Amino acid sequence: MAAVRGIVDYWNMTSEEALVQVWLNIDNAEAIFSTVAVLATITFPMTAFGNFLVVLSVWMDPLRKLRSSPSNFIIFSMAVADLLVGLVTSPLHAFLAWALLHKYTNASFGFLKFFATLINISVGHILLFSIDRFFAVVTPLQYRAKVTTKRVCIVSVACWIYFVLFGIVFSLLRKHYALMETLYNVQILCILICIVVINVFTLYRFHKYSHSTEALDEQHAGVPRQMILQRERTVSKAIAIVISAFLLCFIPWFIVQIIIYICLTCNLSLLILVYFIAAAVMYANSAINQFLYAWRLPKYKQTFKHILKKRTCCGRYETREAVDHVEDTRL
């Protein structure tokens, strides 16, 4: 890493040693790691609660609207990964900042990289969902035959197995910190590029399909042009929001990685601060996914309202029963 090449040798040390050496060579460490700890502490409650509600909705499916579509199983599996990011990875990120802040340099942080691969699992499911939408738009007539619940479950399990194994290998080979970190970043970068390319191509094919069927719809189905344009704008807006949110969460991380490797005169303290903030923004993607893929859909909104309303009503009913029981006891 060019920015710290003259200070430490990352090619011959573990991840714990690298963190400690960086901590020993930066200024204003207290302010930096306090900021990181606060950011990580703020993000994980929202991430955990929202994704828990998504998981609960698909698991219970009280309105019988979610399990009928294979794509919802991708959302369910992604929500589980994002839930673990909120419950495990973000708190560990805050703990890491707290440990360095209090000069607790004897801790072993190798396990952090294992749990950091949960981000990869979430990103992998975004890729799967992008492929699912691609088939739904490009081959709508064959979609149900190609995308089945069984196939979706198989690829989701395969995604989990691959990235869990990668996390285990990362933890075991953490002595080769720079090499494994490079592989970790290249892996996410390749998935990111695939997601962007698939979504852009899906948008292009949908735009082409809408214009090719526009005359046919007006002639045979009586569908007005305004409705066709509205449908196209809705799909285009949804895909644009997904791509923009995804890039905003991950591009800062890759920019910081590039700077770390090529910058010779960068301020190390500022670089480390930006590095940890970029990591926190990347973790925030797990909080955003629930809104992009679940909360904005009417069937999820109806399920959420049903679950929360039922829970509230049950709570009021139980409270009323307790009051009645106390009154009967007094009588």
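Here are the numbers for the structure shown:
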item: Virtual spin-label span in nm between I259 and Y162, 7 Å along Cα→Cβ; result: 3.1
item: Around V242: net Lys/Arg minus Asp/Glu count, Cβ-Cβ under 13 Å; result: +2
item: Links that overshoot a 31 Å alpha carbon limit, given the list K65/K146; K146/K301; K150/K175; K150/K301; K208/K305; K65/K237; result: K150/K175; K208/K305
item: Accessible surface, 1.4 Å probe, highest first, among residues T148, T89; result: T148, T89
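The values are calculated or read from the model by the stated rules, or taken from the named source; none is laboratory data. As the structure is a computational prediction, the values presented were derived from the model and not from experiment. Glycine gets a Cβ as well: all are built from the backbone with ideal geometry, and neighbour counts include every protein chain shown. To get the accessible areas, we keep the full protein, side chains included, count just its heavy atoms, and leave off ligands, DNA and RNA. Shrake-Rupley method; radii C 1.70, N 1.55, O 1.52, S 1.80 Å.
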